[in-house]
Amino acid sequence: MRLVVGLGNPGGEFVGTRHNIGWEVVDELARRNGWIGQADDFNRMARANFDGLTMDGMVALPGGGSEKVLLLKPTTYMNLSGRAVQAAMAFYRLSPLDIMVVLDDLALPCGKLRIRKDGSSGGHNGLKDIERMLATDAYPRLRIGIDAPPPRIPGRDYVLGRFSELQRPVVNQAVKRAVQAIEMWIGQGVETAMNRYNADPDS
């Protein structure tokens with residue numbers, strides 16, 4: 001079993017914001033595998049477990065086969081995300097290598113994917129808390145670029161804002177690629193997913 005964690009903040013005011021792109025990826029993964037009809041079905045149909053919203057089922061893998069996956073959206077707000085992750089891992093007796101955390105990244109161009117098997121939080125409050133709760137930074141994570149904030153706009157305000165009209169089509173494609181990357185990670189491992197999806201889409 002694998003655990004895919006989409007980082008974000010609960011509440012309607014945060015829907016579609018840059019900080020909630022991890023939740024969008026979880027929605028798309030569920031929709032792509034037929035667990036829900038459309039993205040906004042997830043929150044309505046999910047179970048409230050582990051300080052979050054969860055849904056599980058079989059995910060179809062590239063090249064054939066499937067594997068059971070638990071999707072988790074922590075509902076503790078971003079800076080307490082580790083509590084939900086640790087609780088789900090403990091219940092299912094998962095190791096840090098069995099999880100993939102999906103999050104936004106200010107340091108990457110909009111839509112760029114970057115998968116890593118370990119590493120620092122890079123200042124991201126969600127990753128900071130996960131590392132604190134798990135007592136390790138050795139767990140896979142998938143960062144999705146949201147661009148750096150424009151001059152004189154604080155990072156906190158920027159990540160809690162919604163994507164611009166120019167960014168949104170790029171983000172929509174990035175979400176779909178992120179789901180494909182997760183499916184490849186599940187079926188073929190983190191190194192294969194890194195080699196394929198850390199490259200630019202057209203390269």
Taking first residues from region 170-181 that are in contact (Cβ under 8 Å) with a residue 24 or more places away in the chain and closer than 15 Å to V101 by Cα and second residues anywhere that are hydrophobic (A, V, I, L, M, F, W, C) and in a helix (DSSP H, G or I), the pairs with Cβ under 8 Å that are 6 or more apart or on different chains are V175/I21; V175/V25; A178/V25; V179/V25; V179/L29; A181/A193
Hits in region 159-203 - residues which are closer than 19 Å to V15 by Cβ, outside any helix (DSSP H, G or I) and of a type outside the set (A, V, I, L, M, F, W, C): G161, R162, S164, E165
Can you tell me which residues in region 44-55 are more than 17 Å from Q86 (Cα to Cα) and buried (at least 18 other Cβ atoms within 10 Å of the Cβ)? A46
Can A107 be described as farther than 20 Å from I21 by Cβ and in contact (Cβ under 8 Å) with a residue 12 or more places away in the chain? no
Of everything in region 25-55, what is assigned to a loop (DSSP other than H, G, I, E, B), at pLDDT 95 or above, more than 16 Å from G126 (Cα to Cα) and of a type in the set (D, E)? Give them in sequence order. none
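Can you tell me which residue in region 118-167 is surrounded by the most Cβ atoms within 10 Å (Cβ to Cβ), limited to those that are more than 27 Å from Q86 (Cα to Cα) and of a type in the set (D, E, K, R)?
Step by step, filter region 118-167, then rank; the result is D147.
Residue-wise test of (1) over 30 Å from A148 (Cα atoms); (2) of a type outside the set (S, T, N, Q).
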| residue | (1), (2) |
| --- | --- |
| G8 | no, yes |
| W35 | yes, yes |
| T76 | no, no |
| L94 | yes, yes |
| V102 | no, yes |
Which number in (1) touching a helix residue (DSSP H, G or I) at 6+ places or on another chain (Cβ under 7 Å); (2) aliphatic (A, V, I, L, M); (3) within 20 Å of G16 (Cα to Cα); (4) part of a helix (DSSP H, G or I) marks the one condition that I130 misses? (3)
Would you point out the residue of region 32-41, among those that are buried (at least 16 other Cβ atoms within 10 Å of the Cβ) and touching an Asp or Glu at 6+ places or on another chain (Cβ under 8 Å), that is nearest to G65 (Cα to Cα)? I36
Exactly one condition in (1) closer than 23 Å to D51 by Cβ; (2) in a loop (DSSP other than H, G, I, E, B); (3) at pLDDT below 95 is not met by R156; state its number. (2)
Residue check: is V85 in contact with a strand residue (DSSP E or B) (Cβ under 8 Å, 6 or more places away or on another chain), assigned to a strand (DSSP E or B) and at pLDDT 95 or above? no
Counting only residues that are touching a residue at least 12 places away in the same chain (Cβ under 8 Å) and either aromatic (F, W, Y) or surrounded by 13 or more Cβ atoms within 10 Å (Cβ to Cβ) (or both), how many does region 56-70 have? 10
Scanning for something of a type in the set (A, V, I, L, M, F, W, C), surrounded by 14 or more Cβ atoms within 10 Å (Cβ to Cβ), part of a helix (DSSP H, G or I) and more than 14 Å from the chain's Cα centre (by Cα), does region 8-24 turn up at least one residue? yes
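The values are calculated or read from the model by the stated rules, or taken from the named source; none is laboratory data. Not measured: the values here are computed from a predicted model. In this analysis, Cβ positions are derived from the backbone assuming ideal geometry, glycine residues included, and neighbour counts consider all displayed protein chains.
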